[in-house]
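Asker: This is the structure I have questions about; it appears just below.
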Amino acid sequence: MNHGKQLRLFLTSGDARGIRYAELVNWTGQAFSCPKNLLLDLKNWPETKRPGVYVLFGLDENGQDVAYIGESEDVNGRLASHRSSPPITEIVEVLLFTSKDDNLTKGHVTFLEEQLVKRAESAKQIPVRYGREPAEKTISKPERATMEEFLENLYLVTSALGYRIFEIVEKRPVVGKSYEIRMEKGLVAKGKPVADGFL
């Protein structure tokens, strides 16, 4: 049976343009969404200095949207190194996840990173980069089950915060009529409204 979920959202500056802290009730995970100009302010949050995973959203060398997925035993420290040597051309914002109970280990976050890369590549919402080819991380069956539940909640919080990087759209039913625009040089553009936007 599906139950509703309660999401707590704290807007640190009183508006949605600042650092946002999010948590699901009865979940040990916690999320931070932070614009580039406030990355230094994350040092005031001890929760960001723990093992976790993160996504950098920004632009590549051609000005196109791109995301970078990583993990670290000290997420804030890793983000500090990315400020001086960014893995993508321009960082726009950061989404990071750590645990409230200090139970995430290096093995856990390596597993989470691998799964996040696979999910983002399957979702095909945005091109994804990562520091190294994610290797299959071997963890025990109980630990794997715990991390798979962690991932389910991570995907939910990510989506609730407005990031679609992990959303897999199985089918896009047409909800309106199709449109066709004839352009110069014989090019034709076609589009139609679908359940989650315009295709």
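Asker: What net charge is computed for the residues neighbouring Pro35, neighbours being all others with C-beta under 14 Å from the C-beta of Pro35, Lys and Arg scored +1, Asp and Glu -1? Could the numbers behind the result be given before it?
Answerer: Details: positive: Arg17, Arg20, Lys36, Arg83; negative: Asp15, Asp41, Glu90, Glu93.
Local net charge: 0.
Asker: Which one, Val75, Val25, Val55, has the greatest fluctuation when you compute a Gaussian network model over the chain with C-alpha springs under 10 angstrom?
Answerer: Val25
Asker: Separate question: Using a Cα distance threshold of under 20 Å, what count of lysine pairs results for the stretch 34-135 when pairs must be 8 or more residues apart or interchain? Before the final figure, lay out each step's value.
Answerer: On the way: Lys36/Lys49; Lys43/Lys100; Lys49/Lys100; Lys49/Lys106; Lys106/Lys118.
The result is 5.
Asker: In addition: Calculate the translational D of the stretch 1-83 in whole µm² s⁻¹ from Stokes-Einstein, where the hydrodynamic radius comes from the Kirkwood formula applied to all Cα pairs, the temperature is 4 °C and the viscosity 1.567 mPa s. Walk me through the numbers before you get to the answer.
Answerer: Working: Rh = 14.3 Å.
D = 91 µm²/s.
Asker: Largest first, please: the extent of the C-alpha atoms of the stretch 36-137 along each principal axis, to the nearest Å.
Answerer: Each principal axis gives a Cα extent; for the stretch 36-137 these are 39, 33, 19 Å.
Asker: Going by accessible area, probe 1.4 Å, with all protein chains left in place, what is the ranking of Asp102, Asp60, largest first?
Answerer: Values: Asp102 100, Asp60 25 Å².
Of Asp102, Asp60, the descending order of accessible area is Asp102, Asp60.
Asker: Then there is this: All other residues with a Cβ under 13 Å from the Cβ of Glu23 taken together, and with Lys, Arg as +1 and Asp, Glu as -1, what is their net charge? The partial results should precede the final answer.
Answerer: Details: positive: Lys5, Arg8, Arg20, Lys100; negative: Glu47, Asp101.
Summing Lys and Arg as +1 and Asp and Glu as -1 gives +2.
Asker: Distance from the Cα centre of the stretch 61-95 to that of the stretch 99-166, in angstrom?
Answerer: 16
The values are calculated or read from the model by the stated rules, or taken from the named source; none is laboratory data. Everything quoted here is computed from the prediction, not taken from an experiment. Every residue, glycine as well, gets a Cβ built from its backbone with ideal geometry; the counts of neighbours run over all protein chains shown. Heavy atoms of the whole protein, side chains included, go into the accessibility calculation; ligands, DNA and RNA do not. Shrake-Rupley method; radii C 1.70, N 1.55, O 1.52, S 1.80 Å.
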